[in-house]
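What follows is a short report on a single structure.
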Amino acid sequence: MAPATDNNVDDSNHEESSPLLIKHAAEDEKKTSHVAKNADEPPVKAPAPVPAENGYGWTADGLPLGHGSVVGEPMERSLWDSSLCACLGRNDEFCSSDLEVCLLGSLAPCVLYGSNAERLGSAPGTFANHCLPYFGLYLIGNSFFGQNCIAPWFSYPTRTAIRRKFNLEGSCEALHRSWGCCGSIVEDEMMREQCESTCDLATHVFCHLCALCQEGRELRRRLPHPGFSTRPPVFVMVPPEEQTMGRGA
């Protein structure tokens, strides 16, 4: 029986002297000391959030937005594709369309206004909803006052909607860029938007036909007509139903 006892003692000593056990014990001590060291260190504070810039701008749809973009750069305004008095258009692929717009604005402004409103809304069926009220106000103004002075008060919001949708430069910003005036108004977002809306009304009142033509050229270069679909037709192939073969009677 003695030799068996000696073998058990030797096996236990061999297990205790195994290098794997010593390695695991050293790793456990290292982890324990690392956790204790991290517990003694003060917690790292999160960086303070960067305050946003004062003021807000306007999105393409006319909604308030932070003055800066995602990377902190201010949003730049785009220029109108053509000037207010460029009624005859340019020598490019849109020349015929510009002549059409000029003729419609001169002979049938109600048709041009209805087309602009329908293209801006990008939904077919809104042409009559805008053309007919404009035509009624056009007749009333010419009958009682001898000129089209009532319809511009009805049509000027379309110019404001176009300017906001495509983030276009307004009259106040154009004066500030060209002559350096209206600086205090341009810096204040609310005052600038009120001034731009007033300038849109003044443009339609004093240069109504030119304003309609400019808006028509801008919309034709930026938006397709809602009545024309640019997507090719999609044909769906339906597989035939499962057929079984049976013996006739």
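The values are calculated or read from the model by the stated rules, or taken from the named source; none is laboratory data. What you see is a predicted model; the values in this text were computed from it and never measured. Quick reminder, even Gly has a Cβ in these numbers, built from the backbone with ideal geometry, and neighbours come from all protein chains shown. Note: accessible area is taken over every heavy atom of the protein model, side chains too, but ligands, DNA and RNA are not part of it. Shrake-Rupley method; radii C 1.70, N 1.55, O 1.52, S 1.80 Å.
Available extension along the chain between Q194 and L223 is 7.8 nm, counting 0.36 nm per residue and deducting the alpha carbon span. Sorting I185, I140 by solvent-accessible area of protein heavy atoms yields I140, I185, largest first, with a 1.4 Å probe. Determine, from the Cβ-Cβ distance of F144 and L103 and an R0 of 25 Å, the FRET efficiency 1/(1 + (r/R0)^6), rounded to the nearest 0.05. That gives a FRET efficiency of 0.40. Annotation for K165 and W153: the two label points, set 7 Å from Cα along the Cα-Cβ direction, are 2.5 nm apart.
Working from label points 7 Å from Cα in the Cα-to-Cβ sense, the N129 to A174 distance is 3.0 nm. Packing here is the average count of other Cβ atoms within 10 Å per residue, and on that basis the peptides 148-160, 198-210, highest first, run 148-160, 198-210.
Shown in residue order for region 102-113 are the 3J(HN,Hα) couplings computed by the Karplus curve 6.51 cos²θ - 1.76 cosθ + 1.60 at θ = phi - 60°: 5, 5, 5, x, 7, 9, 9, x, 5, 5, 5, 5 Hz (x for Gly and Pro).
Under a model in which nothing but the beta-carbon of Lys, Arg (+1) and Asp, Glu (-1) is charged, region 94-225 shows a dipole of about 340 debye around its Cα centre. With R₀ fixed at 35 Å, the C-beta to C-beta distance from A202 to S122 puts the FRET efficiency at about 0.80. Near the amide H of L168, within less than 5 Å, lie the amide hydrogens of S78, all on another chain or at least 5 residues away, with H placed in the peptide plane.
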